[in-house]
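Presented below is the structure to which this report refers.
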Amino acid sequence: MKQFGKILKFELRNYLQNKVFIGITLFLVIALAIVMFFPRIMEHFSGNESGDGERPVMLIANDSPEHAEMVQAAFAAVFAQYEVRLTDADPAAVQEQITSGEAECAFVLHSLQSYTYYVNNLSMYDSNPTTADAVLQSLYRTNAMIENGLTPEQAEQILSVQIAHETRSLGKDQFQNFFYTYVMIFALYMVILLYGQMVATNVATEKSSRAMELLITSANPVSMMFGKVIASCLAGLLQLVAVFGTVLVCFRLNRSYWAGMESFFDMPPELFLYMLVFFVLGFFIYAFLYGAIGSTATKLEDINTSVMPITVLFIVAFIVVIFSMTSGDVDNTVMRVCSYIPFTSPMAMFTRIAMSTVPFYEILISIVILIGSVIGIGVLSAKIYRVGVLLYGTTPRIGAILKAIRKA
Amino acid sequence: MKLELNNIEKSFGEKQVLKGVSLTAEGGKAFGLLGRNGAGKTTSIRILMNVFPANRGRVLLDGRPIDYRRVRFGYLPEERGLYPKKKIIDQLVYFAELKGMGHADAVRSVDKWLERLGMTEYRAKRLDTLSKGNQQKIQLITALAHDPQIVILDEPFSGLDPVNAMLLKDVVREEIAKGKIVLFSSHQMNYIEEFCDSIAILNGGQVVLAGELHEIKRNYPRNRLVVQSAERERILGELGDCCRATENGALLITLPSPADKAGMMKRLTEHYDVDEIKVFEPSLNDIFVEYAGNRS
C-alpha cells in the first residue's frame, strides 16, 4: 500500500510536470474562455459599429402606389436595423444603387403577392425575404378583410390571435439533458483515447529504456499498474476540472449574454454524481487494457497497432451511444444490452440515466458489474504486465501471453 | 547469512531454462555466477528476486524459505536503464522509496552515495545529460542506496574506465566487509577472480561446476609445470612431446604423474639456465572455457 502511494505520487508528478500536458490544458482553458466571452466581445464591436451611426439603407420600389405608404410603415417597423426608404426609381436604377453601395438591399414590389428582392451579396443567413413574406401576407389578409367589410381593428384581432400551450415532461427533458450528456460522452471519449495512449506509451517507454528491469524487481506489478492508471485518471480529471471550471466561471461572468442556455449548465447533482462514477470506472477499464498492451509492445512504434483492437472496441461503443442519442430512442435493445457490458456501460448507462428514466436497481447492477470488471481487468492486466515487460523481441500474440500467465 | 537456491527448475513454454540449479552464497563473501549467454544466469537471478516463481525448488535464507517482505535486494541489471528525462535525485529517491525507505532517509542516503561516487554536481541534472560511465554510477546507486542485505551485480564493470572501475572495486569491497551477500555475474573473469571466493558455472540450465575458487584450482591435477627460461629452444628440442610453448613465451611441461614433479624440477635446474619454475594452476578463464565451452 505504501509502495502504491509512492508510485501514484511519482506518476502524477510526471503528468503535472509534463510540458505537453500543461500546454494542452492551458490552450483548452484559454480557448474556452474566449468562446465563453465571445458574445460579449461581439456585442462590444457591433455596438460600436451601428449604435447611433448610420444604418444601412433598404429601398422599397412599388409598382402599385396605393399600398406604398402602408408597406413602408410595416417594413420600417419590422426591419428596425435598416433605414427603410421609399423610391420611385425603376428596377435598373435600384440595382445600380445597390451595386454602387448606396443601398444594401431593395424590395421591388409588383403587387402585395409578388416582389423581387435585390441584394449585393446574398448572405447564407439572410432572412429578409422570409420576414417580408410574412409582413406582406399579413398586409394582404388585412386588406382582404377590410374590403369584405370588417373594421381594421377586427381584422387585427383575428390575425393576431394567440394559442396558449404548455408542455410538462414527467420523466426527463431529452432536449435539455442532451447537451451535457453529449459533452460527458465526448469528454469520456477524448480523455480515454488520450490518456489510454499515454498509459500505454508510459509503460512501453519504461520497457524500452530498460527502467523496467529495475522496477519489476522493486515494486509489485499490481501496485505498479494501479498506481499508473489511477495517476493518469487523476491527471485526466484534473484537466477536466480545469476545462469545465473555466467554462462555468466564464458562464457566470457572462450569464446575461447566454440567455436561454442556463439550463445546460444547471446539471442536477445526482446526475453529476453518476457522471463521475461512470467516468472514473469507464476510464479505469480502458486504461488498464491500454497499460497491459503497452507492456507487451517491444518498440514504441508498435504501440499504435497494438492498441488498435481496444480503440476500435471503444469507438464502436461511442458510435452506438451517439446514434441512439441523436435518434431520441435511448432505451432501444442495443442500448439496454450495452448498459450492462462493462466496456460500453459507462457511456450507455449514463446516457440512459440522463435522457430517460431507468429504475435504480438497473443502475446498481450496471455499476456492480462495472466495479467487478475493473478489479478483474486490473489484476489481469497486472499479470499481463508482469509477463509482458520481460518479453523482449517480437511482440507476442494474445494466446501466448495468456498461456504464460497461467503457467507463471 | 546464508542464501541457498535449492534444486530450482524453470520452463518457459516448451523450453526448460533451468534444470535443477542449486547454489549457496554466504554473507561477507562474494559469489560469482558464471555462464555463457543463455546459460540461465538472468533467469536464476529473477527467481532469486521473486520476479517470477520457479516451477520447482526453493530459495532459502539461513535454512528457511526467504521472506521477500523483509529481505532487501539491491540489483544492478545487465540491461541498464532508468528514466532518461528525469532529474537524477528524483528518480534515485523514488527507487529508494520503492524499496521501502522513508522520504527523508532516502534523500539522505542518495546524497551520501552521490558524494561517495563523486556525482554530487549532477544531483539536479537530467540523466540523459550524463556520460555512459556516469549513468552507470547512478544505476549503481539504485542498487545500493537502500542498504540491501543481498546485492546482485550483473556485469558491474562493463563500460567503466579504469579509475571508475577502481572506485567500484572499493565500493564492492566495503559492501562485502559489511557482511552482505554479494552476487556477481560477469564475463570479465579477472574481476571475478579478484573478488569471488566461490563460484558456480552454469551451462545449459545446470550447474556444471561449483565451489570455493582456490579449492577448484587446487583440485586440478598438479602434474604440469610452467617454466621460464632463456634456453627455450634447447629444452623444447630435448624434452620432446611432453613440452610445448605457451602464448606468453613460457614452456608448459606435462608429466605422467604429479609424483614426477620433483625429478623434473631437479633435471631442469641442473641442466638448463632456468629463471622460474612453478606448478601450473589454471586461471578462471581456463576453467570457464573448459566447463562452459562445449556443452551448450
Open item on the list: Which aspartates and glutamates, if any, have their Cα less than 14 Å from the Cα of A:Lys2, not counting same-chain residues under 8 positions apart?
Closed with: B:Glu97
Open item on the list: On a 27 Å Cα-Cα criterion, which of the cross-link pairs A:Lys6/B:Lys137; B:Lys169/B:Lys278; B:Lys19/B:Lys99 come out too long?
Closed with: B:Lys169/B:Lys278; B:Lys19/B:Lys99
- [ ] Amide H neighbours of B:Phe31 under 5 Å, at least 5 residues apart or on other chains, H built in the peptide plane: list them.
- [x] B:Val182, B:Leu183, B:Phe184
- [ ] Please turn the phi angles of segment A:193-208 into ³J(HN,Hα) values with the Karplus equation 6.51 cos²θ - 1.76 cosθ + 1.60 (θ = phi - 60°), one per residue in order, whole Hz, x for glycine and proline.
- [x] 4, 5, 6, x, 4, 5, 4, 4, 5, 4, 5, 5, 5, 4, 5, 6
Open item on the list: To make sure I understand, if each residue's beta carbon is the centre and we count other beta carbons within 10 Å, what order do B:Asp147, A:Asp63 fall in, fewest to most?
Closed with: A:Asp63, B:Asp147
Task: Most mobile of B:Lys87, B:Lys266, B:Lys99 in a GNM of chain B (Cα contacts under 10 Å) - done: B:Lys266
Open item on the list: Quick check on the exposure proxy: order B:Ile253, A:Ile98 from fewest to most C-beta atoms within 10 angstrom.
Closed with: A:Ile98, B:Ile253
- [ ] Provide the per-residue ³J(HN,Hα) series for segment B:169-181, in order, calculated from phi with Karplus coefficients 6.51, -1.76, 1.60 and θ = phi - 60°, each as a whole number of Hz, with x at glycine and proline positions.
- [x] 4, 4, 4, 4, 4, 4, 5, 5, 5, 6, x, 7, 8
TODO: Output ³J(HN,Hα) for segment B:108-125: one whole-Hz value per residue in order, computed from phi by the Karplus curve 6.51 cos²θ - 1.76 cosθ + 1.60 with θ = phi - 60°, and x for Gly and Pro.
DONE: 4, 5, 4, 4, 4, 5, 4, 5, 4, 9, x, 10, 4, 5, 8, 3, 9, 7
- [ ] For chain B, with a Gaussian network of springs between Cα atoms less than 10 Å apart, report the residue from B:Asn203, B:Asn248, B:Asn37 with the top mean-square fluctuation.
- [x] B:Asn248
TODO: With +1 on each Lys and Arg Cβ and -1 on each Asp and Glu Cβ, and nothing else charged, work out how big the dipole of the protein assembly as shown is about its Cα centre, in Debye to the nearest 20.
DONE: 5020
Task: Projected-area average for chain A over all orientations - Cα convex hull basis, square nanometres - done: 29.5
Task: Listed residue (A:Phe226, A:Val161, A:Gly171) projecting farthest to the positive dipole end of segment A:135-243, Cβ model - done: A:Phe226
Task: Top of B:Met264, B:Met189, B:Met101 by mean-square fluctuation, Gaussian network on chain B, Cα under 10 Å - done: B:Met264
Task: Anisotropy class of segment B:19-70 from Cα gyration tensor, a/c 1.5 cut - done: oblate
- [ ] Would you mind giving the mean number of other chain beta-carbons within 10 Å of the Cβ of each residue in A:4-10, as a whole number?
- [x] 4
Open item on the list: Neighbour counts of other C-beta atoms within 10 Å: give me A:Tyr340, A:Tyr195 arranged from fewest to most.
Closed with: A:Tyr340, A:Tyr195
Task: Anchor B:Lys2: aspartates and glutamates whose Cα lies under 17 Å away (excluding residues fewer than 8 positions away in-chain) - done: B:Glu26, B:Asp62, B:Asp67, B:Glu175, B:Asp197, B:Glu212
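Taken together, the values in this text are just the output of simple stated rules run on the coordinates, not laboratory data. All figures in this text were calculated on a predicted structure; none of them were measured in a lab. Here Cβ is always computed from backbone atoms with ideal geometry, including for glycine, and neighbour counts include all displayed protein chains.
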